[in-house]
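Scroll down for the structure; my scribbles are underneath it.
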Amino acid sequence: MPSHFPRWIVWLLLPKLIVLLALSLGHLRPAHAAEPDVPTLLRAADRYRTGASNLQVDTLVTTLNRDGSPDKERRYTVFVQDQHRSLVLMRAPAEAGQKVLMLGDDFWLLMPNSQRPLRITPTQKLLGDASTGDIATLSWSEDYDGTRVGEEPCDPQATPSRPCLHLSLNARRKGVSYQRIELWLGKTRHEPVRADLYVQSEKLAKQARFVLNKAGTEVDEMHLTDQLSTHKLTRIQYLERKARQVPETWLNPMFLVRNPAVE
């Protein structure tokens, strides 16, 4: 700067130069990624349970005694299809030929040798504390709206406990088993960890815990603990998942009555 430049002008301009320099440095800093919103978190959590729109899930449901020993078990083949549609085939000899069909908010039970499908609710028990809705519906992102409560310990009883994101979900439609779900997801990968499941009366009906496979890529098991009466544990194991789109006729209750031997 020329020696004859008035010093008072330098002091006048200096604060503005400092501000401009700070702003320019701020633009050079790496931007922090925005935190994912609730729909994004729910889609991420759903991928751990499903992974495809049209899916066949071979499922084993086991009720456990208080000492942890197996009591009863049932096998189901579940076809989870798009547009809130599912078909459950019951595989146990005691239930041979029985099916549950879900079309949106409507559920039907189809019995062998019956001439008409029977209307049921998504809370209809299959075995233990596993309801038809627990088996037939696998999408939180399609069925619930929610808010982000905050960051909390994944397991309050554990020391130390890793951090989870707590979401509070409310049902968008009536054809779901639970009107409200308090859901905890892993903070980093957004995998489902545990959930409190509330029915329409706002009573806590069940608590769920989710067990991932060894690779940590999908949910292998869901453990349901009854909170209303028995306090017993029901274990739902997802034995195999594979992409499969079933014929549209299989999703028609009257077709299933006339053609019971679908496979």
task: Please list, or write none, the lysines whose alpha carbon is within less than 20 Å of the alpha carbon of residue 187, excluding same-chain residues fewer than 8 places away.
output: 214
message: Please compare each pair in 206/232; 174/232; 72/232 to a cut-off of 19 Å on the Cα-Cα distance and tell me which ones are over it.
response: 174/232
query: Just one of (1) 19.3; (2) 18.0; (3) 21.1 is Kirkwood radius over Cα pairs in Å as worked out from the coordinates here. Which one is it?
result: (3)
message: Viscosity 0.692 mPa s, temperature 37 °C: what is the translational diffusion coefficient of region 179-263 from Stokes-Einstein with a Kirkwood Rh over Cα pairs, rounded to a whole number of µm²/s?
response: 208
statement: Measuring from the longest principal axis of the C-alpha atoms of the chain, the long axis of helix 7-28 (C-alpha) lies at a number of degrees, nearest 10, equal to 20
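Quick note: the coordinates plus some simple rules give every number you see, no bench work behind them. Model, not experiment: these values are computed from the prediction.
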